[in-house]
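My questions all concern the structure below.
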Amino acid sequence: MTTPTRQHPGNMRTFYVIWSGQFVSALGSGLTGFALGVWLYQDTKSVALFALSILAFMIPGVFFSPFAGALVDRFPRRWMLILSDAGAGLSTLFVLAMLLMDNLQPWHVFVANFFNALFNSFQWPAWSAATTMLVPQAQLGRASGMSQVGDALSQIISPAIAGALFVAWGLEGVVAIDFATFLFAILTLLLVRIPEPEISAEGRKNRGSLFKEVRFGWDYIVARPGLLYLLLFFAASNFLSGFMSPLILPMLLELASADKVGVAASMVGVGMLVGTLVMSAWGGPKRRVFGVVGFSIWAGVAFAMLGVVPSLPWVTAWAFMMMMVFPIIGGSSQALWQAKTEPDVQGRVFSVRRMIAQFTAPIAVLLAGPLVDGVFQPAMNAGGALAARLGPWIGVGPGRGVAALFLALGLLQIVVAAVALANPRLRRADLEIPNVEVKARDEESPVAAAQAALAD
């Protein structure tokens, strides 16, 4: 007995319904993220504690992702998305409860961020795998672009809205709105059905313990050298770009007042929005590898140019250009992986992929401060080791240490991209690795999935 299957359903309507819920939820999370950051810094005046709150949100997604991906492949993707939104919503509810009891402490924020990220580690592989079942392969690039719109708009409008709400309603009001957005996202998921993929020969062969299935994600990638090299390229690129997050604001504040820097940050966010809209409409180049590595060269040039002129408009313009290509890079990569990975194993494969690609970013965050304070800024002060050589080009004094580091990192990004393009297995990954065939089972329930497994 075999489970009835059908060809790719291509249900874009369901994709749009789920996307709307995730989009609203992303905006709500942006509100709380900004407001909690403001509260934490105002309450503690500690940059170290602020950095710890960021790490508490980053670490679970890196190290728990492989296990989350294996679980995503075991259960219906719709219910894994519901679990993700419900768990993250409960983390927000915990913060709201502490606020209403007038008992919120910094460690509560760390705990909430940790569990929020823990449940979010289910969201990305489940949503990626669900998209493969709902969107035709030719439209995967556009769908990936749409999926990034929420992050872009959140970066643009959430700080302004959260700031106004924080003043008018307090932190409690902001957090309550965020909780409501999670409820909306769950409602959209309850209203739709996501087809489950047919069990492939690869997936059937590698069933077993949770640890075996986690290992399978790595083995699957290693067996496809083009994808492995692409993954290592992302790990290197994420390490280089990871320095920007903790350093760009201090550099900007050396150039202008906080209000002008705020306007500049919004303009940079517009760059990301433009990129997502371009990717949504265009879908990226047909050779998706060139969409990843080729536009990474563009990003490297923009990264290097950030520090060349100590001017707020100059930095804003190049940061805009850099953020504009990130959605094209990410969208092209996502579409490539979705087309080359069997849908029933995407949870395991994509989660391992995410862990390896992103584990370098927290390292960059930890190194950024000491590297600037202990090496680059002293070298770029008057009379410093680099001031005589770089000073005539980028200036000397406060903020120029960050500028010198950005220049070096941007040039390294260009070199990394050039080396990647010189690798024939990476360069031809989208040609040499065949696209997978997407088939759906007629059932979605856990019981039906278990019956299909026994039948096979």
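Closer than 22 Å to Leu210 by Cβ and crowded, with 24+ Cβ neighbours inside 10 Å, is that true of Asp85?
For Asp85, the condition - closer than 22 Å to Leu210 by Cβ and crowded, with 24+ Cβ neighbours inside 10 Å - is not met.
Is there a residue in region 80-100 that is more than 23 Å from Ala357 (Cβ to Cβ), assigned to a loop (DSSP other than H, G, I, E, B), modelled with pLDDT of 85 or more and assigned by TED's automatic domain parsing to the domain that holds Val174?
The answer is no; no qualifying residue exists.
Count, please, the residues in region 238-267 that happen to be within 29 Å of Met355 (Cα to Cα) and among the aliphatic types (A, V, I, L, M).
6
Restricting to region 126-149, name every residue that is in contact with a Gly (Cβ under 6 Å, 6 or more places away or on another chain) and either on the phi > 0 side of the Ramachandran plot or among the small types (Gly, Ala, Ser) (or both).
Matches in region 126-149: Ala129, Gly141, Ser144, Gly145.
Another one. Tell me, which residue of region 180-225 that is closer than 17 Å to Asp344 by Cβ and among the hydroxyl-bearing types (Ser, Thr, Tyr) is modelled with the lowest pLDDT?
Ser200
Only one of these conditions is not met by Ala388: (1) part of a helix (DSSP H, G or I); (2) over 28 Å from the mean Cα position of the chain (by Cα); (3) crowded, with 19+ Cβ neighbours inside 10 Å. Which number is it?
Among (1) part of a helix (DSSP H, G or I); (2) over 28 Å from the mean Cα position of the chain (by Cα); (3) crowded, with 19+ Cβ neighbours inside 10 Å, Ala388 violates only (3).
Please give the number of the condition Trp169 fails out of (1) surrounded by fewer than 15 Cβ atoms within 10 Å (Cβ to Cβ); (2) assigned to a helix (DSSP H, G or I); (3) modelled with pLDDT under 80; (4) more than 21 Å from the chain's Cα centre (by Cα).
Here Trp169 clears every test but (3).
Additional query: Sort out which residues of region 244-291 are within 21 Å of Ala403 (Cα to Cα), surrounded by fewer than 17 Cβ atoms within 10 Å (Cβ to Cβ) and among the small types (Gly, Ala, Ser), and write them in order of number.
Ser245, Ser257, Ala258, Gly262, Ser266
A follow-up question, please. Restricting the search to region 1-34, which residues are under 14 Å from Ala112 (Cα atoms) and either at pLDDT 85 or above or small (Gly, Ala, Ser) (or both)?
Ser29, Gly33
Give region 352-376 a look and list any residue that's within 21 Å of Leu253 (Cβ to Cβ) and at pLDDT 90 or above, or say none.
Val375, Phe376
So, Ala403, is that one touching a Pro at 6+ places or on another chain (Cβ under 9 Å), loosely packed, with under 14 Cβ neighbours inside 10 Å and modelled with pLDDT of 90 or more or not?
No, not satisfied.
Just to be sure I understand the filter: pairs with C-beta atoms under 8 Å, separated by 6 or more residues or on different chains, first member in region 110-121 and within 7 Å of Pro60 (Cα to Cα), second member modelled with pLDDT of 90 or more. Which pairs pass?
Every condition considered, the pairs that remain are Leu118/Gly87.
Within region 379-398, is even one residue in contact with a Pro (Cβ under 7 Å, 6 or more places away or on another chain), under 30 Å from Glu213 (Cα atoms) and outside the structural domain of Met80 (by TED's automatic domain parsing)?
no
Matching residues to (1) part of a helix (DSSP H, G or I); (2) touching a helix residue (DSSP H, G or I) at 6+ places or on another chain (Cβ under 7 Å); (3) closer than 29 Å to Trp218 by Cα:
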{"residue": "Ala368", "(1), (2), (3)": "yes, yes, no"}
{"residue": "Phe376", "(1), (2), (3)": "yes, yes, no"}
{"residue": "Ala382", "(1), (2), (3)": "no, no, no"}
{"residue": "Gly397", "(1), (2), (3)": "no, no, no"}
{"residue": "Gly401", "(1), (2), (3)": "yes, yes, no"}
{"residue": "Leu407", "(1), (2), (3)": "yes, yes, no"}
{"residue": "Leu411", "(1), (2), (3)": "yes, yes, no"}
{"residue": "Val419", "(1), (2), (3)": "yes, no, yes"}
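Of the residues Leu189, Leu230, which single one is in the same structural domain as Pro136 (by TED's automatic domain parsing) and either part of a helix (DSSP H, G or I) or surrounded by fewer than 17 Cβ atoms within 10 Å (Cβ to Cβ) (or both)?
Every option except Leu189 fails the conditions.
Which residue pairs have Cβ atoms under 8 Å apart, sit 6 or more places apart or on different chains, and have a first residue in region 404-425 that is over 19 Å from Trp318 (Cβ atoms) and a second that is exposed (fewer than 15 other Cβ atoms within 10 Å of the Cβ) and among the charged types (D, E, K, R)?
The qualifying pairs are Arg425/Glu432.
Looking only at region 301-331, count every residue that is under 30 Å from Gln123 (Cβ atoms), of a type in the set (Gly, Ala, Ser) and modelled with pLDDT of 95 or more and tell me the total.
So the count comes out to 1.
While we're looking at this one, here's another question. Is it true that some residue in region 56-73 is of a type in the set (D, E, K, R) and either outside the structural domain of Ser20 (by TED's automatic domain parsing) or at positive phi (or both)?
Within region 56-73, none of the residues are of a type in the set (D, E, K, R) and either outside the structural domain of Ser20 (by TED's automatic domain parsing) or at positive phi (or both).
The values are calculated or read from the model by the stated rules, or taken from the named source; none is laboratory data. Treat the numbers as computed from the prediction; the structure is a model and nothing was measured. Cβ: placed from backbone, ideal geometry, glycine included. Neighbour counts: every protein chain shown.
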